[in-house]
Amino acid sequence: MSQSGSVFSKANVPQKTPAARGPAWIYAGIGITVLFVVNAAIAGRLFHAEFTERMESIESSYMSISRWAMDHWNDRTWFPLWFGGSPFERVYQPGLHLSVAEWARILHWSPQHSYHFLTGLAYALGPVALFWLCYRMTGRKGYAFLAALLYSLVSASTLLSGEVRRDMGNWLLPRRFQILVHWGEGPHTTVLAMLPLVIWTIDGAVVKRRWYLVVAAPLGVTAVVLTNWPGSMGLALAVVAYALASVEGGPRRWITLAGIGVAAYLIAIPWASPSILALVIRNAQQSDDTPFSVARLLLAGLLGLALMAVRLCARRARIDRAGRFFLYFALITGTVWLSAQWFGWQLLPQARRFQMEFDMAAAGLGAYLMAGGFHRLPRRWKVAAIVTAVLLAGFQTRRSVRYARGITRPIDITSTLEYRMAKWFDANMHGERVFAPGNVSLWMNMFTDVPQMNGCCDQGIPSQEDRIADYVIYTGQNAGKRDAEISLLWLKAFGAAAIGVTGPQSTEYFKPFSNPRKFDGVLPLLWSEGDNRVFRVPLPSYSLAHALDQAAVPWRAPADGLDVEPIEPLVTALDNEKPPFTAFRWINQHEARIETVVKPGDIVFVQVTYEPGWRAMEGGTRLRVTPDALGLMEIHPAHAGRNAIDFSYDGGAEGRWTGWAQLAGVFLLAIWGARERRIR
């Protein structure tokens, strides 16, 4: 396609002679070095940080996953710590967490040091990756450097949103760094460092058909999918923008692009199986109430029409594909983010998180427009513009470094409530499941292996009933005088032996209880410190398995937190349980031993999340394992009397066929790469 109308066309950009051009890699290397140094200076404290004052950050949960993975490196089938347990691959995409664990293991670092180092490195490399994409798409080092510098020092989202400015406190502060350390977007930040490189490999595979990029592109997409779901959706939006800008010239390029997607999914499928995708989509929709709707479909249709109109105008204006890519990417991500930010229209679940992709797209587009104007300036004005830009960049870098150091000051973790309450649970609850409050829950398993009724993270919550229980216990909404009673029913149903409560004077960040005094005088007090308390949940047995009449097990799912009719018979049966109590003992992270005495008509009720991969064996006989209405499990014994049941999780049929599908994906990619290499 002709580029005569592009701001980077021969008509607009003075062309250099080969002698004047110099070795391009030297100039590119200088640009990369400067960009890395600027961003590494901002993130400097993260490279050696252990714990920082950002106790409110969700990074605590990510570090907890890595800490657990380090301690159980050879047994990561089942993660038993949150929400009654879950397959490890469903808790969160494991890419960053396993990298943190392996890095820490090799270098003998703590998991928190490893996490901060790797996320700080990802922060510093993000603009470098953007520079590389812009440079490879245009061949213009100046434009690429300007785009990456804008991305490093300026956030378009702070200019367009008053809410973001209020959150930041100043529109000149580094929003990208605040999102990383305050909001804990380490996995998302890591994906953004990969995104430009993945687009570059896709371009090399689709347009230039370079065999090594044909292999690298699916692997890059897989790496993104294994790191963060919002980032994966951000990459999908970027691929749509790339396809609109670059995929022309017949069906071959579209087939190649589709082949990259298929190969990537096959390789990633053990961690992105159909059941995992269904769970993530359901939880994402429930997290901010964004179910499918006609209004959302209409908004998507309007965005599609806008893209087609802009694409037609861009082709007529002969804007080159770099300009088109960033124009489409900014339009897509800006619509998703700003429609939610300005009007509350949720085109996608958690739409406000896509401001990070929008900032990248806006930097690329803004630099493109600025570079086009720069090339039209007289020489003296160019010099003045460069000097001004250097001075402003230096000023902004200094401001950003000071801000970053101010919000990443180190902290003595042992002085925090989160640490003290977690350690109290560890020392006094003897491995029993607990309900930890707010931020204590997020930090709990950084320091202990105490299993929790709640936990993190939203995308991996196993069932709607887990979400309902958390909500009603924290808020007691519309429960009135039955607030404590209803909360206690849910606690007992899910096997919590104790509950921690933080009041308004607590140093715990979230203070989630609407009525923190509701258990006073109702439950036995085990521990108190300031406005923080731990109460015992009274039960005859704190085992996770119980021999009960099957009629006591919930037969339907509660509609909401106040609909306790289905769980009242269960709690009554648990309260009236008599010796000998059923014993439940973990052998390792995915196997347990259950010893019980059952009467005719009894089942063994197990307060562990149901998954099809659970198997129960008794004396060589396989027992039937079924889910109940709360998402927990029932084991149907083969006979009355004493039963010794071996209980284990092996991943089930889906775990087996996804493993074979992954091998097929690796094999097909190897054949594809070898074929392209032979052709070239």
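The values are calculated or read from the model by the stated rules, or taken from the named source; none is laboratory data. No experiment lies behind these values; they were computed from the predicted model shown. Here Cβ is always computed from backbone atoms with ideal geometry, including for glycine, and neighbour counts include all displayed protein chains.
Structure data summary
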| quantity | calculated |
| --- | --- |
| Residues satisfying the stated conditions in region 542-578, i.e. within 37 Å of the chain's Cα centre (by Cα), β-branched (Val, Ile, Thr) and either under 13 Å from LYS492 (Cβ atoms) or in the same structural domain as ASN428 (by TED's automatic domain parsing) (or both) | VAL564, ILE567, VAL571 |
| Matching residues, region 149-160, being small (Gly, Ala, Ser) and within 14 Å of VAL390 (Cα to Cα) | SER152 |
| Flag for GLN477 being touching a residue at least 60 places away in the same chain (Cβ under 8 Å), within 30 Å of ALA640 (Cβ to Cβ) and of a type in the set (S, T, N, Q) | no |
| Elements of type helices (runs of 4 or more DSSP H) contained in region 52-119, each with 3 or more residues being small (Gly, Ala, Ser) and either out of contact with any Pro (no Cβ under 9 Å at 6 or more places or on another chain) or in contact (Cβ under 8 Å) with a residue 60 or more places away in the chain (or both) | 59-71 |
| PRO524, sole failed condition from (1) out of contact with any strand residue (DSSP E or B) (no Cβ under 9 Å at 6 or more places or on another chain); (2) surrounded by fewer than 13 Cβ atoms within 10 Å (Cβ to Cβ) | (1) |
| Members of region 343-364 found to be in a loop (DSSP other than H, G, I, E, B) and without any contact (Cβ under 8 Å) to a residue 40 or more places away in the chain, listed by number | GLY344 |
| Any hit, region 421-434, residues being in contact (Cβ under 8 Å) with a residue 40 or more places away in the chain, touching a helix residue (DSSP H, G or I) at 6+ places or on another chain (Cβ under 8 Å) and either at positive phi or not in a helix (DSSP H, G or I) (or both) | yes |
| Residue list for region 75-129, filter: touching a helix residue (DSSP H, G or I) at 6+ places or on another chain (Cβ under 6 Å) and among the acidic types (Asp, Glu) | GLU89 |
| Candidates ALA272, ALA264 - the one that is buried (at least 19 other Cβ atoms within 10 Å of the Cβ), of a type in the set (A, V, I, L, M) and under 20 Å from TRP211 (Cα atoms) | ALA264 |
| The listed residue being without any contact (Cβ under 8 Å) to a residue 24 or more places away in the chain, part of a helix (DSSP H, G or I), within 28 Å of the chain's Cα centre (by Cα) and surrounded by 15 or more Cβ atoms within 10 Å (Cβ to Cβ), out of ALA340, ALA330 | ALA340 |
| Only one of ILE468, ILE473 that is among the β-branched types (Val, Ile, Thr), crowded, with 20+ Cβ neighbours inside 10 Å and not in a strand (DSSP E or B) | ILE473 |
| Residue tally, condition over 21 Å from the mean Cα position of the chain (by Cα), of a type in the set (Phe, Trp, Tyr) and over 15 Å from PRO127 (Cα atoms), over region 151-183 | 1 |
